[in-house]
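Written below as structure tokens is the structure these notes are about.
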Amino acid sequence: MRIGIIGAGQLGQMLGFAARDLDMQCRFIDPSDAPPAAVAGDVIKRPFDDPDALQTLADECDVVTYEFENVPVEALLRISDRVPVYPPPGALRHAQDRLAEKRLFDSLQIPLPRYRAVDTLQDLQAAIDAIGLPLVLKTRRLGYDGKGQFVVRSVDDIDAAWRTLGTQALIAEEWVPFDYEVSAIGVRNVAGDIAMYPLTHNEHEDGILRRSRAPVDAPELTAIAGRYVTALLSHLDYVGVLALEFFVTGDRLLANEFAPRVHNSGHWTIEGAETSQFANHLRAISNLPLGSTACRGHAGMLNLIGEIPDTTRTPPEPGYWLHDYGKTPREGRKLGHITTVAASAEDRDRRLRLILDALPKV
Ligand code: AMP
């Protein structure tokens, strides 16, 4: 099986490693120098929407997928009559526009924070009247890791918010004083079988995922999240892994956003689940039966941002797995992650703390 992957970042690298174990070959498109996935397959060094590079993937691969969200949908549509492209470009189209995404959640009766489309300063004023303060203003497109967002806490912030973001199409969203955040990672294969990983508890700093822990011990929330993800997967006729992020308030889940791809909050599945999200994504898009999503214990993952500290290379105890993506260090850049799996949640948390205390602050 030959897998074409648009994007050769760390997600591509981890897909590439999983592909090796499944005896599949990967071919990537990525314009950057020495991208992380180059160690796991051949990289065509061209822009993501380069027609010749896409043609090569269509000709030489059995299926094409992508590892990041800003792939031009038109590029995927151009090859989708020649080779299966999964997840379906229609899902990507929704995920690329926060307004379309929120309308989709609404149409599937997946609860979400109150929101308004904002194209003018008058719209922002109307959103404040309707939603109240604080609210968060987000660009509809190209936002990630908390970028393209402005929290409007009082009317004094309106000018600064508008100066920062006002040239783009926006949404205003209720600020949710959540208890914690979780993600639900699901997978659907070509045959329509669906499997869910246990819920993952995620902690962000400055909008960037810092720590993930699974499974979350909340059977009712897990069941509700499973229903929402299943609705999304079925409605989109989805194939592959999808991550849906939620705010938890009391016994309620409010959907924040979904990613039509393997997800940072699922990295723990490499060591912590029977089948990793990467292996299951490849199985799903290759028309194979899905692997078990059961946990192998209590897993924790820390993102290594800006530097890979020595403590992660020589951890204080055995039982840690360091993933170094091989990227050049830069402030705020995700360079790797470290995972641990323990027999109890308490021991998992203790083990995470041993490493966490030595990490640089974001
Ligand atoms: P996003 O890029 O939308 O996933 O936002 C990044 C992070 O910012 C989220 O994971 C939350 O921690 C925080 N955030 C985003 N939107 C809201 C909101 N409406 N209420 C509270 N926190 C938010």
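The values are calculated or read from the model by the stated rules, or taken from the named source; none is laboratory data. Every value quoted in this text rests on a predicted model; they were computed, and no experiment measured them. Counting neighbours? That spans all protein chains shown, and the Cβs are built from the backbone with ideal geometry, glycine included.
Residue count for segment 110-122, restricted to those that are within 28 Å of Pro72 (Cα to Cα) and more than 10 Å from the ligand (Cβ to nearest atom): 6. Is segment 216-237 home to any residue that is surrounded by 24 or more Cβ atoms within 10 Å (Cβ to Cβ) and in a strand (DSSP E or B)? Within segment 216-237, none of the residues are surrounded by 24 or more Cβ atoms within 10 Å (Cβ to Cβ) and in a strand (DSSP E or B).
Matching residues to (1) closer than 21 Å to Gly336 by Cβ; (2) small (Gly, Ala, Ser):
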| site | (1), (2) |
| --- | --- |
| Val182 | no, no |
| Asp193 | no, no |
| Ile208 | yes, no |
| Val216 | no, no |
| Glu220 | no, no |
| Ile224 | no, no |
| Tyr238 | no, no |
| Ala243 | yes, yes |
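At least 3 residues being closer than 28 Å to Gln149 by Cα and of a type in the set (Asp, Glu) is the threshold, and among the helices (runs of 4 or more DSSP H) wholly inside segment 245-314 not one reaches it.
Of everything in segment 137-168 that's among the aliphatic types (A, V, I, L, M) and farther than 19 Å from Gln96 by Cβ, which residue is nearest to the ligand (Cβ to nearest atom)? Give the derivation first.
Initially, segment 137-168 is screened for residues among the aliphatic types (A, V, I, L, M), giving 137, 142, 151-152, 155, 158, 160-161, 165.
Narrowing the set further to residues that are farther than 19 Å from Gln96 by Cβ leaves 151-152, 155, 158, 160-161.
Details: Val151: 8, Val152: 11, Val155: 18, Ile158: 17, Ala160: 18, Ala161: 14 Å.
Ranking the candidates gives Val151 first.
Determine whether Glu257 is over 17 Å from the mean Cα position of the chain (by Cα) and either surrounded by 18 or more Cβ atoms within 10 Å (Cβ to Cβ) or at negative phi (or both). No; evaluated as a whole, the condition is false for this residue. Just so you know, in segment 297-312 the residues that are in contact with a Leu (Cβ under 7 Å, 6 or more places away or on another chain), of a type outside the set (A, V, I, L, M, F, W, C) and closer than 18 Å to Arg350 by Cα include one that is surrounded by the most Cβ atoms within 10 Å (Cβ to Cβ), and it is Gly300. Among the residues making up segment 66-85, a single one is among the hydroxyl-bearing types (Ser, Thr, Tyr) and either farther than 29 Å from Tyr115 by Cβ or modelled with pLDDT under 95 (or both): Ser80. The single condition among (1) aliphatic (A, V, I, L, M); (2) in contact with a Lys or Arg (Cβ under 9 Å, 6 or more places away or on another chain); (3) outside any helix (DSSP H, G or I) that Leu92 does not meet is (3). Restricting segment 47-89 to residues that are in a loop (DSSP other than H, G, I, E, B) and of a type in the set (A, V, I, L, M), the residue that is nearest to Ala243 (Cα to Cα) is Val71.
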